[in-house]
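Heads up, the thing below is written out as structure tokens.
The values are calculated or read from the model by the stated rules, or taken from the named source; none is laboratory data. Since we're looking at a predicted model, the values are computed, not measured. For neighbour counting, all protein chains shown are included, and Cβ atoms are generated from backbone atoms with ideal geometry for every residue, glycine included. Side chains included, ligands, DNA and RNA excluded: accessible areas come from the protein's heavy atoms. Shrake-Rupley method; radii C 1.70, N 1.55, O 1.52, S 1.80 Å.
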Amino acid sequence: MIKIAPSILSANFARLGEDIRSIETADYLHFDVMDGHFVPNISIGIPVLQSVRKVTDMVLDVHLMITEPLRYVADFVKAGADILVFHVESQAPDKTLESLRKIKALGARTGLSLRPKTPWEILLPYLDELDLVLVMTVEPGFGGQSFMEDQLPKIAALRREIDRRGIKCELEVDGGINPETARLCVEAGADVLVAGSAVFGAPDRAAMIAALRDAAGKDGHS
Ligand code: DX5
Ligand code: ZN
């Protein structure tokens, strides 16, 4: 079953509670954290996550686009992250392993993300430690960008490696997802789809969530 994760980066932050209720038929709530350093943009952080945690039981899928995530992972788990994803490029490999272990020890699910230019093989040493891999299909930092089709082979390669190892690691894609690109991603092997502008910009958000699931289901592998 394909999971849909609306990104609240495209929500109206002055009406966040209502906007969250409007997407509760989805599976995960995707929460983008940007520090103005790892990516050029600044978004939301720990106090907003704490408030969101109080108003929803949805699985909170937190995507850290920040430098030195090791310094903050414990705070994000304590603030309510169910899945905590950070970038493999954002710190040295020993700190990456330490961050993953910390997240696990605190009882959250682990995830690593990679920028479009980063080869998928960089994840090989970490795959067994991961509950989720997040492939960026746009340059991280902004919502509303166009899907990068050249990332499809990376999704397919990761699908093959996850299946070969027989591990329970979800394969999530993020950036430029609409019903058409959703289908391409699922054909390539993705099983969780993040969508910001497609969901929050739709006149009927529940219908868009259903449309993304449908588009994905047509030729999907699940
Ligand atoms: C981009 C963020 C995405 C973004 C996706 O850096 O990680 O989660 O919100 O937005 P859309 O779906 O509009 O491309
Ligand atoms: Zn994201």
Review point. Can you pull out the residues in region 160-182 that are charged (D, E, K, R) and surrounded by fewer than 23 Cβ atoms within 10 Å (Cβ to Cβ)?
Key: Arg160, Glu161, Asp163, Arg164, Arg165, Lys168, Glu170, Glu180
**Study point:** Only one of Leu171, Leu184 that is more than 16 Å from ligand 2 (Cβ to nearest atom), in contact (Cβ under 8 Å) with a residue 24 or more places away in the chain and either more than 30 Å from Arg15 (Cα to Cα) or assigned to a helix (DSSP H, G or I) (or both)
**Key:** Leu184
**Study point:** Counted residues, region 21-45 - those being part of a loop (DSSP other than H, G, I, E, B), under 17 Å from Ile83 (Cβ atoms) and in contact with a His (Cβ under 8 Å, 6 or more places away or on another chain)
**Key:** 0
Review point. Within region 74-109, which residues are β-branched (Val, Ile, Thr) and within 16 Å of ligand 2 (Cβ to nearest atom)?
Key: Ile83, Val85, Val88
Exercise for review: Exactly one condition in (1) small (Gly, Ala, Ser); (2) open to solvent by 50 Å² or more (accessible area, probe 1.4 Å); (3) without any contact (Cβ under 8 Å) to a residue 40 or more places away in the chain is not met by Ala157; state its number.
Suggested key: (2)
Review point. Looking only at region 115-148, which residues are open to solvent by 50 Å² or more (accessible area, probe 1.4 Å), under 19 Å from Val62 (Cα atoms) and hydrophobic (A, V, I, L, M, F, W, C)?
Key: Phe142
Check your understanding: Does Thr56 fit the bill of being polar (S, T, N, Q), closer than 20 Å to Arg115 by Cβ, more than 10 Å from ligand 1 (Cβ to nearest atom) and surrounded by fewer than 23 Cβ atoms within 10 Å (Cβ to Cβ)?
Key -> no
Review point. Residues of region 62-104 being more than 24 Å from Pro40 (Cβ to Cβ), acidic (Asp, Glu) and in contact (Cβ under 8 Å) with a residue 24 or more places away in the chain, which ones?
Key: Asp82, Glu98
Exercise for review: List every residue pair whose Cβ atoms sit under 8 Å apart, with the two residues 6 or more apart in sequence or on different chains, where the first one lies in region 46-61 and is more than 24 Å from Glu172 (Cα to Cα) and the second, anywhere, is of a type in the set (Val, Ile, Thr) and surrounded by fewer than 16 Cβ atoms within 10 Å (Cβ to Cβ).
Suggested key: none
Check your understanding: Of all residues in region 59-114 being in contact with a helix residue (DSSP H, G or I) (Cβ under 7 Å, 6 or more places away or on another chain) and basic (Lys, Arg), which is most open to solvent (accessible area, probe 1.4 Å)?
Key -> Lys102
**Study point:** Residue check, Ala198 open to solvent by 10 Å² or more (accessible area, probe 1.4 Å), among the aliphatic types (A, V, I, L, M) and in contact (Cβ under 8 Å) with a residue 60 or more places away in the chain
**Key:** no
Exercise for review: Look at Ile162 and say whether it is more than 16 Å from ligand 2 (Cβ to nearest atom) and at pLDDT 95 or above.
Suggested key: yes
